[in-house]
Amino acid sequence: MRTSKPYARLTKILITVLIVVFSILIAGGFLIFKNEAPRPAKIVNTNGNTLVSHKTLLSGQAVYERYGLTDYGTYLGNGSYLGPDYTAQALHVYLKGMHRYYAQTKYHKAWGDLSDLQQEGIKGVVKKEIKVNRYSQKADTLTLSPAQAAGFTYLQRYYRREFINNPRQAGLPENMIKNNTGAYMVRGNKVDQLSSFFFWGAWMASTNRPGQNFSYTNNWPYDLDAGNTMPAEAMIWTAISVAILVAGVGVIIWVQRRYNFDMEFAYGKNKPPRIDPDLPISDSQRKTGKFFLLVMVLFLVQILLGELMAHYYVENSFFGIPLQNIWPFNLAKTWHLQLVIFWVATAWLATGIYVVPRIRGREPKHQGALVNTLFYGLLVVVAGSMLGEWGDILGFVKKGWWLIGHFGWEYLEMGKAWQWLFIVAMLLWIVILMRGFIPAIRHKGEAGTSTDRTRLTTLLFLGAIAIPAFYLASLFILPNSHVTFADYWRWWIVHLWVEGIFESFAVILIGWLMVDMKLTTSKSTIRALYFQLTLLLGAGVVGMGHHYWWQGDHNIWLSLGACFSALEVIPLCLLIWEAWTHYKVYKESQLEFPYKGTFMFLAATGIWNAIGAGALGFLINAPAINYFEHGTQWTSAHAHGSMAGVYGMFSIAIMLYTLRNISKKEIWTAKLEKWLKRACWLLNIGLAGMTFITLMPVGTLQLKDALTNGYWHARLLSFYHGSTVATLLWLRIIPDLIFTAGVVVLLVVVYKIVRNLKPAQNKAMADSHQEWDQN
């Protein structure tokens, strides 16, 4: 008799979709690398004199990376938003230098003394001149016209004033950039080298690709003086993407209903099962408690750093205290981003560790020792990387800056050595999981073993393996990598790893929790998971192309990114809604439900997934909007709603689930449950306030400024000091304090719980273990 394979077709569909979408992503990557802007062997004037060598250009990039300027301003729109966008700013200053050159050579006057007609005439000449591509591929040389060379010199003088004298660089210490020559650098004035890197970005953004009528960055940034206007394709694909979203939602709902991809109740009406979270636990399960305490400490530090950053928007110091000298904005932003990855990942690692004995049915030998090794290894990576970044930005780390200091790319701030150690820690986590998952998977087909249980276990294990596997993309980037090449792989981390792989693991883990709590049948849950994963990865992998529009990439990504990115939010919303529905059943049945805290935060996750990741993500990802908005506070609103609202709330949910199972029953009083509810409300009210009282309104005004005056103008520091914007920024202190109060309450609750853990009883845990029902 042939063995029944109930999920064979769903498996084939998922694998086929993965092959197709990753083939598109990788093929698109090759187009990106083939079409990236050249980094010439030398940049010369018409007399053949070298203005910038290839080594100087790369050294300027290394200076930008070493001092963490990506966590102060942006380059090609990517980075942080207090400082300027150095591409747009350099382009604007470079144009001013050319204007002044022609004012002197044509009229022998200063630019300000020219008539409006004369100024407009010069602007027209410059606009045409900068579009001409004077790069010789054969000689690997970029030749600048006399006016362009004058613009380059003017740009160098400008940045000498900005970085050497440093009169008004908010949130940065004076004269931060030293002339120390570290790895990937050459001797010479580091500010001049940095200026060369900025100039190359301005050239790339304003010069037409060979044989095309648009620049290497698809005419980004918006600047009428440079002739940079939105390409027509951006508007066309925006309209098409809206139509695809509407049609896609309809098709997805139809498929889900037609093929019954809903999770089914595992119990009869008004007869929900009683859940017992008070079973004995093993040694490794008990050890997860300290992981969650670390989670909350890192969470609190991250939030305090966020408040410091927010204050730098309105004042160069911190209420008169010159903290920028020891905690400059770029360091605070570096730690703020890095800590959220650390605490979210730690919560997930700890939950995975807790699950292992439940899946295997007993404690693997020496599991506790491996768990301790992982914990202290994480501490080394967290503390070591943060100290290295602090020493690098303040100039204490020299030769090995890229290994132990600041690596220079947003979300990849850890030095390369720390990245390797982080990967080793995640691999150790996989080993810990393997010791429980592999034996459970091998039981497939044995008497008394549920095939559905094995399939669900396999999906969860594969999702876990993907977490360290996709982080390996970070290893392709080096300090001298082309910015287009580096950004292609960086988005594998920021979008594919965080928003794709993490979200996939979250979908599977939620499904596993639903079955573990006997709320849904394993068979219907597995079918729902296949549907969710196919939709999530089918849309999300190619959808990450919306990050490639303005990075010097092939313009095919305008169509691909616009059409695919809108759909990726739907699966988690559907799954969370199911979880909330089941919680309502328990609430209405008046039975004691031990995971109220978990489901409160799961419900919050669903709301923020729809609003923060979905609505705000679609708002900024439409090409016609993103062209003007890219790198403004709307992006920050989306980032906060997605990272804090989705991954933060979900991490808290699974943390509370695990803590409920490893702690004593008597600690979970009605009073503690009320404090958890208060923490949930404080966190969500605070996050909503940050997003909709400050970030969205400020982003709206910033977008209006960009449309009116050009993108470079909207990114000036003076924009934040306007009366309306400054008032909105000061108002942020209210939701910030509310959010912080929620973190403090949650920290106190977690600390109290961790002090009341159950004793480790490996044998009793194994004896009490029950096989999942084959539903």
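Listed here are the residues, each with its yes/no results for (1) in contact with a Gly (Cβ under 6 Å, 6 or more places away or on another chain); (2) within 17 Å of TYR313 (Cα to Cα); (3) of a type in the set (Phe, Trp, Tyr); (4) modelled with pLDDT of 95 or more.
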residue	(1), (2), (3), (4)
LEU695	no, yes, no, yes
GLY699	no, yes, no, yes
GLN702	no, yes, no, yes
ALA706	no, no, no, yes
LEU728	no, yes, no, yes
ILE738	yes, no, no, yes
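Residues in segment 255-284 that are among the hydroxyl-bearing types (Ser, Thr, Tyr) and more than 27 Å from ALA369 (Cβ to Cβ) were compared, and the one that is modelled with the lowest pLDDT is TYR267. Candidates are the residues of segment 174-203 that are under 29 Å from the mean Cα position of the chain (by Cα) and part of a loop (DSSP other than H, G, I, E, B); the one that is surrounded by the most Cβ atoms within 10 Å (Cβ to Cβ) is MET185.
When the helices (runs of 4 or more DSSP H) confined to segment 33-133 are screened for residues that are over 38 Å from the mean Cα position of the chain (by Cα) and more than 30 Å from GLY395 (Cα to Cα), those reaching at least 1 such residues are found at 86-107, 116-131. Inspect segment 204-216 for any residue being touching a Gly at 6+ places or on another chain (Cβ under 8 Å), part of a loop (DSSP other than H, G, I, E, B), farther than 17 Å from GLY73 by Cβ and not polar (S, T, N, Q) and give the result as yes or no. Yes, segment 204-216 contains at least one residue that is touching a Gly at 6+ places or on another chain (Cβ under 8 Å), part of a loop (DSSP other than H, G, I, E, B), farther than 17 Å from GLY73 by Cβ and not polar (S, T, N, Q).
So which residues in segment 312-335 are in a helix (DSSP H, G or I) and surrounded by 22 or more Cβ atoms within 10 Å (Cβ to Cβ)?
From segment 312-335, those in a helix (DSSP H, G or I) are 312, 323-325, 329-335; that's our starting set.
Correct list: TYR312, GLN324, PHE329, ASN330, LEU331, ALA332, LYS333, THR334, TRP335.
Across segment 347-364, a minimum of one residue is classified as touching a His at 6+ places or on another chain (Cβ under 6 Å) and not in a helix (DSSP H, G or I).
Please indicate, with yes or no, whether at least one residue in segment 272-291 is among the hydrophobic types (A, V, I, L, M, F, W, C) and either in the same structural domain as PRO84 (by TED's automatic domain parsing) or assigned to a helix (DSSP H, G or I) (or both).
Yes, because at least one residue in segment 272-291 is among the hydrophobic types (A, V, I, L, M, F, W, C) and either in the same structural domain as PRO84 (by TED's automatic domain parsing) or assigned to a helix (DSSP H, G or I) (or both).
Residues in segment 705-761 that are in contact (Cβ under 8 Å) with a residue 24 or more places away in the chain, within 25 Å of THR691 (Cα to Cα) and among the aromatic types (Phe, Trp, Tyr): TYR711, TRP712, TYR720, TRP730, PHE739. Of all the numbered requirements in (1) crowded, with 22+ Cβ neighbours inside 10 Å; (2) in contact (Cβ under 8 Å) with a residue 60 or more places away in the chain; (3) not polar (S, T, N, Q), GLY645 misses one, and that requirement is (2).
Quick check: is even one residue across segment 435-450 in a helix (DSSP H, G or I) and touching a Pro at 6+ places or on another chain (Cβ under 8 Å)? Yes, there is a match, as at least one residue in segment 435-450 is in a helix (DSSP H, G or I) and touching a Pro at 6+ places or on another chain (Cβ under 8 Å).
Of everything listed in (1) more than 25 Å from TYR86 (Cβ to Cβ); (2) out of contact with any Cys (no Cβ under 8 Å at 6 or more places or on another chain); (3) of a type outside the set (S, T, N, Q), the single unmet condition for LYS704 is (1). In segment 753-775, of all residues being of a type in the set (S, T, N, Q) and at pLDDT 90 or above, the one that is farthest from PRO357 (Cα to Cα) corresponds to ASN756. All of (1) in contact (Cβ under 8 Å) with a residue 24 or more places away in the chain; (2) of a type in the set (Asp, Glu); (3) exposed (fewer than 13 other Cβ atoms within 10 Å of the Cβ) hold for ASP113 with one exception: (1).
The values are calculated or read from the model by the stated rules, or taken from the named source; none is laboratory data. Just so you know, these numbers come straight off a predicted model, no measurement behind them. Don't worry about glycine lacking a Cβ; one is built from the backbone with ideal geometry, like all the others, and counts go over all protein chains shown.
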